[in-house]
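Below is one structure, written out as structure tokens; comments come after it.
The values are calculated or read from the model by the stated rules, or taken from the named source; none is laboratory data. This structure is a prediction, so every number in the text was calculated from the model and none was measured. Methodologically, a virtual Cβ is constructed for each residue, glycine included, from the backbone with ideal geometry; neighbour enumeration extends over all protein chains shown. In case anyone asks, the SASA skips ligands and DNA or RNA and just uses the protein heavy atoms, side chains included. Shrake-Rupley method; radii C 1.70, N 1.55, O 1.52, S 1.80 Å.
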Amino acid sequence: MRTGKMEPEKKRKRRREPGGGEAEAEAQAQAQAEPEAQYPPNFSVSEIKNKQRRQFMYQRWRRAQRKEQLAAKKKRQKEREALGDKAPPKPVPKTIENQRVYDETTVDPNDEEVAFDEATDEFSSYFSRETSPRILITTSDRPRGRTVRLCEQLAKIVPNSHVYYRRGLALKKIIPQCIARDFTDLLVINEDRKVPNGLVLSHLPNGPTAHFKMSSVRLAKELKRRGKDPTEHTPEVILNNFSTRLGHTIGRLFASLFPHDPQFVGRQVATFHNQRDYIFFRFHRYIFRNEKKVGLQELGPRFTLKLRSLQKGTFDSKYGEYEWVHKRHEMDTSRRKFHL
């Protein structure tokens with residue numbers, strides 16, 4: 001007869017074979033681990049029609065790629081540690097700059113033809129110290145506050161510069177008046193929807209005239225940890241990476257805005273840095289902390305320029321002769337092709 005309580009069954013002890021626990025752990029780990037991605041040699045994830053499946057396969061493929069790259073990196077590190085001082089130098093990483101397509105117009109500083117052109121071009125009177133720069137800074141018609149403040153800050157940076165407002169006067173009428181008053185350069189800042197978006201720089205009296213697109217404008221008050229207002233000392237000028245004939249002309253155009261002899265007591269420097277045909281302008285004050293370390297303090301403003309055209313002579317939008325015009329669909333066919 002059955003009673004109300006059932007006796008618990010005795011647990012049978014299983015005999016464990018030697019190494020059985022390790023085998024079970026390995027089996028569980030293999031079951032939990034994701035299977036390695038194996039693809040045909042000509043496999044393309046983009047051929048998968050299902051969007052979710054395509055995303056899943058791509059993420060899986062990327063994980064496998066990263067895993068291989070990490071393993072190869074660790075292997076190289078171990079080999080370098082084993083070799084010690086005999087290890088070969090690290091390879092230079094590939095960038096767009098060092099993979100740049102060679103330009104036939106790259107300037108050689110020892111080229112006699114380049115030296116002759118520089119001695120006879122429009123800037124020769126400035127570099128031979130026959131003239132000293134005198135700059136007129138103006139804006140488009142009816143400028144807004146942001147553009148006006150940018151002009152005022154540029155006037156503090158560029159010595160011997162004067163700010164005047166257009167008042168509806170055309171540039172063709174302004175240029176003869178500038179020449180009559182012995183101005184050497186005309187700088188015009190254009191704006192669109194209250195934002196500065198263009199810069200016209202004309203060297204007087206014989207040109208050339210460059211038109212730039214302006215972007216990423218930050219005024220002095222908009223910069224974090226900025227220094228005090230710039231002093232009246234003449235700043236130093238750094239022109240970096242203007243290597244072609246066109247870039248050489250643009251660099252000389254910027255250099256002609258500043259006097260020859262900087263005042264090193266002010267410790268101020270204006271930088272025009274060309275990278276991938278974008279010209280970055282920065283204005284800093286520096287201090288030597290010791291023999292090896294230098295501290296930099298940005299004073300502002302800052303902006304980025306992109307060359308649109310270079311015109312012979314002074315500004316003439318209708319009958320002017322252009323030396324160079326940026327045609328995006330024809331010139332920007334390769335990311336490694338630069339013009340400056």
**Study point:** Angle in degrees between helix 245-255 and the longest Cα principal axis of the chain, rounded to the nearest 10
**Key:** 70 degrees
Point to revise | Identified option (computed Rg and Dmax of the Cα atoms in Å; candidates (1) 32.8, 129; (2) 19.5, 65; (3) 20.8, 69) | key: (1)
Check your understanding: Pulled fully out, how much extra length does the chain show between H273 and S215, if you take 0.36 nm times their separation in residues and subtract their Cα-Cα distance?
Key -> 19.4 nm
Revision key, fill the gap. Per the C-alpha gyration tensor (a ≥ b ≥ c, the square roots of its eigenvalues), segment 150-250 is rounded if a/c is under 1.5, else prolate if a/b beats b/c, else oblate; here it's rounded
Point to revise | Cα-based helix-to-principal-axis angle, 20-32 vs the chain, degrees rounded to 10 | key: 40 degrees
Exercise for review: Treating cross-link reach as a plain straight distance, find the lysines whose alpha-carbon is under 22 Å from the alpha-carbon of K327, omitting any fewer than eight places away in the same chain.
Suggested key: K213, K306, K312, K318, K337
Practice item. Using a 10 Å cut-off on Cβ atoms, rank the peptides 180-187, 101-108, 116-123 from the highest mean neighbour count down. Key: 180-187, 116-123, 101-108
Revision key, fill the gap. Cross-link reach from K78 to lysines, straight Cα distance under 22 Å and at least 8 residues apart if same chain, gives K67, K86, K90
Revision key, fill the gap. With all protein chains present, the chain has a carbon and sulfur share of its accessible area (1.4 Å probe) in percent of 49 percent
Practice item. Determine the shape class of segment 95-161: with a ≥ b ≥ c the square roots of the Cα gyration tensor eigenvalues, call it rounded for a/c under 1.5, and otherwise prolate if a/b is greater than b/c, oblate otherwise. Key: oblate
Point to revise | Amide N proximity, segment 201-223 versus V163 label position 7 Å along Cα-to-Cβ, cut-off under 16 Å | key: 218-222
Point to revise | Mean residue ellipticity (222 nm) of the chain, computed from DSSP H runs ≥ 4 via -39,500 (n - 2.57), nearest 500 | key: -9000 deg cm²/dmol
Practice item. Evaluate the relative contact order of the chain (contact order divided by residue number), counting alpha-carbon pairs under 8 angstrom at least 6 apart; express in whole percent. Key: 15 percent
